[in-house]
Amino acid sequence: MPKQTFALTRLAGAAALLLATAPAAWAELQAPTLWQDWQDLYNRLGGTLGSQSAEYSNGKLVLEGLNYRTEMGGVVSRTDFGSVTMIEQPDGSVVIEVPTESVAQTSSIADGAQIDQSITTRHQNLSIVARDEGEGRVYDIAADTITIEVDSIVTEGDQAGEPYTVTMRMAGAESEYRSGLGADGDGFAQTSRFDGLDIASNYSDSGDEFNFTYVLTGVTSDFEGTFGGIPAGPVKGLSDMNITYDGTIGHSGSTLSMVGLAPGGPLDVSGTSQGGAMALNLGEESLGYSISSTGGKFSALVPGFPVPINISMAEVGSALTLPFGEPGVEKPFGLQISLRDLVLDDTLWGMFDPTGQLPRDPATLVLDMDGSAVMNIDVFGDPEAVAGMAESPGNLKTLTLNQLLLNIAGAELRGSGDLDFPTETPIPEPVGTIELALDGGFTLIDKIVALGFIPAQQAAFVKGMAGAITRPVGDDQLESTIEFTPGGGISANGMPLK
């Protein structure tokens, strides 16, 4: 759920408190220096890191009541870490001892509803050791388990909803964080591995009950980035932090389960995958992510549906690049969706094609496009403007269709092209061309008619329209060049359409 995802994102920033430090160069690491670096870094990121007391004696710094508070985009968050101790070691390193439990509280308003969350982090045998190495600093982190529990309540008016909980448990955690990298000392990098990562959630509301579990094995991650200059003004959001990073998270297999009671009856969903990955990229002008899974199998019993739904796929993935930052400047965006070799089981096919009229070859869908746009608002730096947005957040400038591929039931549609948007109009008027090709389309229409899904007269009309805007290039093979001209004109293979 978006609210849960947002809470975990906020938690990641707070939990990173014990994994990072400001970039610099040191001769020998001392606990007070480490504490000051923490404050400098996290205060410049828009929060306030402090403690009720700080006592240093004989190489030991005790921070009582360590806490971190942020307020961004209408979300107020406070994390209480309790008592944290830094102990200097004979080899020049510093051992950091933290309580086995810390609690963060967040409160926000969204669409008139108040969202209150309590985020509890627990660990078993957590070890954190900081040391200087060359011109940089290294944190070695390990734990038997790290558990994060998010409890949420949504209140609308005087009516509080049912609480729901999301729990994430990481087992066999090992991580190395490095800061002070690069010629200017502003770089950082982190590698991590976990034997397993489990996510569980439960939800109950008005008789609907759901229990969700997602288990990953062999989890690894690799990130690197740069701290930019100190922000000139207040840090209101992501755009003000002056941080860039790039990284990937991968796993060697997963299992999914969702069991619940929906209005129409019981719901049972399960799935597995052979592996997967997620990539994150924060640049100076855009935020990007991609997620993919391979070797997936999915099964579902859905209320009101007469047979089980069983599907498999070789690969499923999506990616999105969102522009942000200063409005009025052309910035890149992108969207990719892929679903390769989707296979339905024969029971499902038999519901709508009992006689086997349609080819049951694996289906594939690929959509890959990118371009540029001039944004009217900063979607990550101006929460007031986003909340009051009544029109489009930006205007298209360019759009490239790198690939369109749809292969289903023996027919294949392909497409590519480039479009420019030289003028700003209420309805975008592109200039450029799109190339399309269709193989086996008429044959598929004939088989759909034989199954009784559409009347023969409608099929004949569709074929006639297709013949008017395409050109034949082979047996049941059609191509078309769609051209968009200045002023809103559209033609297909030279024939005006508008």
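The condition of being within 21 Å of residue 297 (Cβ to Cβ), more than 21 Å from the chain's Cα centre (by Cα), outside any strand (DSSP E or B) and not assigned by the TED database to the domain that holds residue 448 holds for only one of 342, 348, that being 348. Could you list all residues from the stretch 149-186 that are free of Cβ contacts under 8 Å to residues at least 40 places away in the same chain, of a type in the set (S, T, N, Q) and surrounded by fewer than 14 Cβ atoms within 10 Å (Cβ to Cβ)? Selection gives 159 alone. Within the stretch 283-303, the residues that satisfy the criterion of being in a strand (DSSP E or B) and more than 14 Å from the chain's Cα centre (by Cα) are 294, 295, 296, 297, 298, 299, 300, 301.
Restricting the search to the stretch 448-495, which residues are in contact (Cβ under 8 Å) with a residue 12 or more places away in the chain and of a type in the set (S, T, N, Q)? Residues satisfying the conditions are 470, 477, 480, 481, 485, 493. Scanning the stretch 78-96 for residues that are out of contact with any Gly (no Cβ under 8 Å at 6 or more places or on another chain), modelled with pLDDT under 95 and part of a strand (DSSP E or B) yields 78, 79, 81.
So for the stretch 56-76 (the condition being in contact with a helix residue (DSSP H, G or I) (Cβ under 6 Å, 6 or more places away or on another chain), β-branched (Val, Ile, Thr), assigned to a strand (DSSP E or B) and on the phi < 0 side of the Ramachandran plot), does at least one residue qualify? Looking for residues that are in contact with a helix residue (DSSP H, G or I) (Cβ under 6 Å, 6 or more places away or on another chain), β-branched (Val, Ile, Thr), assigned to a strand (DSSP E or B) and on the phi < 0 side of the Ramachandran plot, one finds none in the stretch 56-76, hence no.
Scanning the stretch 316-346 for residues that are among the small types (Gly, Ala, Ser) and modelled with pLDDT under 95 yields 325, 328.
Rundown of residues vs (1) surrounded by fewer than 17 Cβ atoms within 10 Å (Cβ to Cβ); (2) touching a strand residue (DSSP E or B) at 6+ places or on another chain (Cβ under 9 Å), yes/no style:
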{"site": "300", "(1), (2)": "yes, yes"}
{"site": "303", "(1), (2)": "yes, yes"}
{"site": "306", "(1), (2)": "yes, no"}
{"site": "310", "(1), (2)": "yes, yes"}
{"site": "324", "(1), (2)": "no, yes"}
{"site": "330", "(1), (2)": "yes, yes"}
{"site": "336", "(1), (2)": "no, yes"}
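Okay, residues lined up against (1) over 25 Å from the mean Cα position of the chain (by Cα); (2) in a strand (DSSP E or B):
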| position | (1), (2) |
| --- | --- |
| 391 | no, no |
| 395 | no, yes |
| 413 | yes, yes |
| 434 | yes, yes |
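In the condition set (1) acidic (Asp, Glu); (2) in contact with a Lys or Arg (Cβ under 6 Å, 6 or more places away or on another chain); (3) over 30 Å from residue 310 (Cβ atoms), residue 198 is compliant with all but (3). Filtered by the rule that a residue be β-branched (Val, Ile, Thr) and more than 25 Å from residue 216 (Cβ to Cβ), the stretch 143-179 gives 153, 154, 155.
Whenever a residue of the stretch 246-267 is under 11 Å from residue 208 (Cβ atoms), its partners that are aromatic (Phe, Trp, Tyr), lying with C-beta atoms within less than 9 angstrom and at least six residues away or across chains, give the pairs 260/203; 260/210; 260/212; 261/210; 262/210; 267/210. So, residue 424, is that one touching a residue at least 12 places away in the same chain (Cβ under 8 Å) and either assigned to a strand (DSSP E or B) or assigned by the TED database to the domain that holds residue 360 (or both) or not? Here the answer is no, as residue 424 does not meet what is asked.
Do you know which of the residues in the stretch 99-131 that are closer than 14 Å to residue 34 by Cβ and buried (at least 19 other Cβ atoms within 10 Å of the Cβ) is farthest from the chain's Cα centre (by Cα)?
Out of the qualifying residues, it is 130.
Just one of (1) in a strand (DSSP E or B); (2) in contact with a Ser or Thr (Cβ under 7 Å, 6 or more places away or on another chain) fails for residue 99. It is (1).
The values are calculated or read from the model by the stated rules, or taken from the named source; none is laboratory data. Keep in mind that this is a model prediction, so the values were computed, not measured. Cβ atoms come from the backbone with ideal geometry, glycine included; neighbour counts cover every protein chain shown.
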